[in-house]
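The values are calculated or read from the model by the stated rules, or taken from the named source; none is laboratory data. Remember, it's a predicted structure, so these values are computed and weren't measured experimentally. All Cβ positions, even for glycine, are placed from backbone atoms using ideal geometry, and neighbour counts span all protein chains on display. Surface areas here come from the heavy atoms of the whole protein model, side chains and all, with no ligands, DNA or RNA. Shrake-Rupley method; radii C 1.70, N 1.55, O 1.52, S 1.80 Å.
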Amino acid sequence: MTQAKRRIPMTVTFLEMNARPHVTPPPAPKGKVALLKAEKPAIHFYRYLYDTIGGDYYWVDRKKLSPTALAAAIQDPLNQIFVLYTEGNPAGMAELDFRKSGQANISYFGLMPDAIGRRLSFFFLYHCVMNAWAEDITRLTVNTCTLDHPRALPLYQRLGFTPYSREERFVELLS
């Protein structure tokens, strides 16, 4: 028996930054905060972050990958994954893809549900963007959609990303 697919419409906004932003660094959040690069992350840890952070926002693309294909993507040295920790616990994840020469893309960025509203997102995004610009790039991209957190698009624009395209798309879910 084949499962039916449910299609959810969304508008995707593509944004870019063509130079390191000149934004005042945000103050560090209260408490113990650390931003660590995950070196060759274990698949189970990545799936935990991806599923927990993206669950409410219909992150599905990486769920379609086999374990081998997922490991190849997340453990590629040109694909960097950063994890934000607060009080020793994962609070967010960002994935920076450097596989296009001279460019980087923020493939995934988000906070754990219990970290939302704790004034972490601008701090986390700022440091991810600075990590991207520490590499030899001339363009940094990201996209967001109408299924993401409602403050995602304003957050990217606050840091200096500008929209360059929009598309109507669908996310397909098995129902």
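Grab the DSSP H runs of the chain that are 4 residues or longer, score each as -39,500 (n - 2.57), total them, divide by all residues and round the 222 nm result to the nearest 500 deg cm²/dmol.
On the way: 4 runs with 41 residues, N = 175.
Mean residue ellipticity, 222 nm, calculated: -7000 deg cm²/dmol.
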Globularity ratio of region 115-175, using Cα Rg and 2.2 N^0.38 Å: 1.33
Links that overshoot a 25 Å alpha carbon limit, given the list 32/64; 37/63; 40/100; 40/64: 32/64
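According to the square roots a ≥ b ≥ c of the eigenvalues of the Cα gyration tensor, what is the shape class of the chain, taking rounded for a/c under 1.5, prolate for a/b larger than b/c otherwise, and oblate for the remainder? Please list the in-between numbers first.
On the way: a/c = 1.39, a/b = 1.25, b/c = 1.11.
Because its axes are fairly even, with a/c under 1.5, the chain counts as rounded.
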GluC sites (Glu not before Pro), loop per DSSP, at most 12 other Cβ atoms within 10 Å - longest free stretch of the chain: 88-175
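Pick out, in residue order, every one of the trypsin sites (Lys or Arg not before Pro) in region 43-139 that is DSSP loop and has at most 15 other C-beta atoms within 10 Å; say none if there are none. Intermediate values should be presented prior to the final figure.
Working: sites: 47, 62, 63, 64, 99, 100, 118, 119, 139; in loops: 99, 100, 118, 119.
Answer by residue number: 99, 100, 118, 119.
Keeping every protein chain present and rolling a 1.4 Å probe, give me the accessible area per residue for region 97-157 in Å².
On the way: 2900 Å² over 61 residues.
I get 47 Å² per residue for region 97-157.
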Within the accessible area of region 1-142 (1.4 Å probe), percent carbon and sulfur: 52 percent
In nm, spacing of pseudo-spin labels at residue 45 and residue 169 (7 Å Cα→C-beta vector): 2.8 nm
